[in-house]
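Report on one structure; see the data block that follows.
The values are calculated or read from the model by the stated rules, or taken from the named source; none is laboratory data. What you see is a predicted model; the values in this text were computed from it and never measured. We place every Cβ from the backbone using ideal geometry, glycine too, and count neighbours over all the protein chains shown. Just so you know, the surface numbers come from the protein's heavy atoms only, side chains and all, with ligands and any DNA or RNA stripped out. Shrake-Rupley method; radii C 1.70, N 1.55, O 1.52, S 1.80 Å.
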Amino acid sequence: MNIPLVDLKAEYRVIKEEIDSAIKRVVESTNFVGGEELSGFESEFASYCGVKYGIATSSGSTALDLCLMALGIGKGDEVITTPNTFIATTEAITHVGAKIVFVDIDPDSYNIAPSQIEQKITSHTKAIIPVHLFGQPCDMDPILEVAKKHNLIVIEDAAQSHGAEYKGKRVGGFGDAAIFSFYPGKNIGAYGHAGIVVTNRSDIAERVKLLANHGRGQEKYDHLIEGYNYRPDTIQAAILRVKLKYLDDWNAKRRKNAEIYDSLLKGLPVITPKALPYVKHIYHLYVIRNKKRDELSNWLNSKGISTGIHYPIPLHLQPAYKYLGLGKNSFPVAEEFCSEALSIPMFPELKEEQIKLIVQEIKNFLG
Ligand SMILES: *Cc1c(COP(=O)(O)O)cnc(C)c1O
């Protein structure tokens, strides 16, 4: 039996009729760009996050770019984030001409260690980008506190945490702005690329909207500023509107599957994910740790069980960031994590029998 890491076909089978008719609706209307379908999704997703404004974008990456631009982050500024994230987080910092400043991760949550942020703040620090990795929100209270104390912008990278909660509140509304990605494999994914910026600040919402659409004002050829073409296709919005109705149910199924994994893996020499007591983890990924990660991964793959590594190399050790001059041991917690992390199959449609089989193969490997 083959078990994939994520199974988008299984998801599609369940919602096929609704998706097909949503796509057909857009095609028949020939409104492929903008329109009510897009604005409808924007307000539905913003309200899902408990946030006032939503501006859909062509991807999570362009959403990050837009946020930093809209907040006036640029040359000479420093932006603090984690080395344990996808490169889009840091690319956005470089794209606006700012400098990346890394802070090591917390050994339990694998998110940025809030207690280590303040020592990295200088007179040039402008913003913090906490990344809610794998579906678990960062410990936001101390992050917001240090940001307030030093008058820093906070942009949540919530690309992996749609619907995750911190102290009973969904992520997306904690900072000045937040971004989400709808990359196909995310907890709610488009059928291609899409993303969104959400914010409670009307000034940021207006600026992002301008920048994302060629600086366009009220009229089509009325350009208030130079911008970009960073809006998504309307067809993606129509698909995402269908999927948004299922998101909570899908997240609940992921949490149930995580519970089954947790209980079956208990007592084995693998480290299972630790959800902090005040968060609702939505398990975008289920990441275990073992010293023999590569061998375990090969073993599972040879048994037809797909695995992933998120992420094999922390960003500061990537060739792209060699110029930062941060060698090995700069961020020991992140480095150790990256050498041991293994993502095992996690998706809503994953069945208990499949989880049992996966755990059995992990046991077989461990002997
Ligand atoms: C997926 C992801 C992004 C980028 O989103 P895209 O839609 O793929 O551009 C940014 N940050 C994190 C943490 C991600 O996981």
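Of all residue pairs spaced 6 or more apart or on separate chains, those with beta-carbon atoms under 9 Å, a first member in segment 116-137 that is of a type outside the set (G, A, S) and a second member that is within 15 Å of the ligand (Cβ to nearest atom) and in a helix (DSSP H, G or I) are I129/L64; I129/C67; I129/L68; I129/T89; I129/T90; I129/A92; I129/I93; V131/T89. Taking the listed residues P277, P273, P348, the one that is open to solvent by 70 Å² or more (accessible area, probe 1.4 Å) and part of a loop (DSSP other than H, G, I, E, B) is P277, with no other qualifying.
Residue-by-condition table, conditions (1) open to solvent by 10 Å² or more (accessible area, probe 1.4 Å); (2) within 14 Å of the ligand (Cβ to nearest atom):
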{"site": "I105", "(1), (2)": "no, yes"}
{"site": "D108", "(1), (2)": "yes, no"}
{"site": "I143", "(1), (2)": "no, no"}
{"site": "E156", "(1), (2)": "no, yes"}
{"site": "Y166", "(1), (2)": "no, no"}
{"site": "P184", "(1), (2)": "yes, yes"}
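Could you please find all residues in segment 190-227 being part of a loop (DSSP other than H, G, I, E, B) and in contact with a helix residue (DSSP H, G or I) (Cβ under 7 Å, 6 or more places away or on another chain)? Passing the criteria: A190, Y191, G192, A194, L224, I225, G227.
Every condition in (1) in a helix (DSSP H, G or I); (2) open to solvent by less than 20 Å² (accessible area, probe 1.4 Å); (3) away from the ligand (no atom under 12 Å from the Cβ) is met by G74 except one, and the failing one is (1).
Out of segment 29-41, which residues are away from the ligand (no atom under 16 Å from the Cβ) and either within 19 Å of the chain's Cα centre (by Cα) or assigned to a helix (DSSP H, G or I) (or both)? Break it down into steps so the answer makes sense when it comes.
First pass over segment 29-41, keeping only residues away from the ligand (no atom under 16 Å from the Cβ): 29-40.
If the condition is that a residue be away from the ligand (no atom under 16 Å from the Cβ) and either within 19 Å of the chain's Cα centre (by Cα) or assigned to a helix (DSSP H, G or I) (or both), then S29, E36, E37, L38, S39, G40 are the ones that fit.
Yes or no, residue by residue, for (1) among the aliphatic types (A, V, I, L, M); (2) part of a helix (DSSP H, G or I); (3) more than 19 Å from the chain's Cα centre (by Cα):
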| site | (1), (2), (3) |
| --- | --- |
| R231 | no, no, no |
| Q236 | no, yes, no |
| D249 | no, yes, no |
| R254 | no, yes, no |
| I260 | yes, yes, yes |
| L264 | yes, yes, yes |
| G267 | no, no, yes |
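Within segment 280-311, which residues are hydroxyl-bearing (S, T, Y), within 16 Å of the ligand (Cβ to nearest atom) and open to solvent by less than 20 Å² (accessible area, probe 1.4 Å)? So that I can check it myself, show each step before the final result.
We begin by selecting, within segment 280-311, every residue hydroxyl-bearing (S, T, Y); these are 283, 286, 297, 302, 306-307, 311.
From the residues that got through so far, the ones that are within 16 Å of the ligand (Cβ to nearest atom) too are 283, 286, 311.
Passing the criteria: Y283, Y286.
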